[in-house]
Amino acid sequence: MFETDLFDSGRSLLPSIKVSHRFMALILMISGLGFSLFSLALSIWQINFKFNQPVLAEVPAIPLASDSAKIWIDIGGAVKKPGLYPLDQGDRLARAIKAAGGFSHAADKYYLNQQLNLAQELKDGQKIYIPTKADSAVTRRVQSSSNQTVTEHRSSGSGNASVLIDQTQQAKQTSAQRSLQQSQTRTDQKNEPQLISLNHASQVDLERLTGVGEVRALKIIQHRPYDKLDELVSKKVISEKIFQQNLAKLTL
């Protein structure tokens, strides 16, 4: 009797145990699916977060401009465009000649071929003058006259000392007359208005204009060449007022 009851009770518990196992399996399956979905969502979020981060581009180093990297030279004489020019440190004389437009037709070819050193390294504030044919001719005449005086002195001896004295006195008189003529010429030039060339004047000459200092003089040089005088105003180099004040002193 007791065994029969126990068997019957055991049989009654079997369905409930089977139901519990199925319920637990269902819960585990749902949990596993939920964990998988969570892992997938977390991976997607990490990928989006990674790609949405702003990318910081590398900024290339830009060298700062330095005034010490430039030199200024003043070139004149037998060049096409005499004036003030900015060049790089270590530039040679050939670069300055090129910046000034090259040699003019008045340049002395003998000096250019025999004495001018185009490989000369330039320095800041350097003054360069290319002699013309007329300049070289004057120099040669002076040297020839000096050599002739020395030669006559050596060949004449003591007996002809008076001749050398006379020649020296004549040379002094000629020199005095030449100095007087040059002084008169400079006086006449001072009385006459000095015209300043916009395309060829140096910075020093441009600073002689009314209302023009170092900055405006350099600005005038940087805006070369000029075809008309009023381009100073149209290019906004100087004001109309300063232009009218200096109009009588200007030339191309």
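Miscellaneous remarks
- Scanning region 93-135 for residues that are assigned to a strand (DSSP E or B) and exposed (fewer than 15 other Cβ atoms within 10 Å of the Cβ) yields a total of 3.
- Close pairs from region 120-136: first more than 18 Å from K80 (Cβ to Cβ), partner hydroxyl-bearing (S, T, Y), Cβ under 7 Å, at least 6 apart: S136/Y110; S136/Y111
- The set of residues in region 192-214 that are closer than 13 Å to L84 by Cα and exposed (fewer than 14 other Cβ atoms within 10 Å of the Cβ) comprises V204, E214.
- Close pairs (7 angstrom Cβ cut-off, 6 or more residues apart or separate chains): of a type in the set (S, T, N, Q) in region 204-230, surrounded by 11 or more Cβ atoms within 10 Å (Cβ to Cβ) anywhere: T210/I242; T210/Q245; T210/N246
- Set side by side, the residues A57, A99, A69 differ, and just one is at pLDDT 90 or above and under 36 Å from the mean Cα position of the chain (by Cα), which is A99.
The values are calculated or read from the model by the stated rules, or taken from the named source; none is laboratory data. Predicted model only: the values in this text are computed from it and were never measured. A quick note on method: Cβ atoms are made from the backbone with ideal geometry, for glycine too, and the neighbour counts reach across all protein chains shown.
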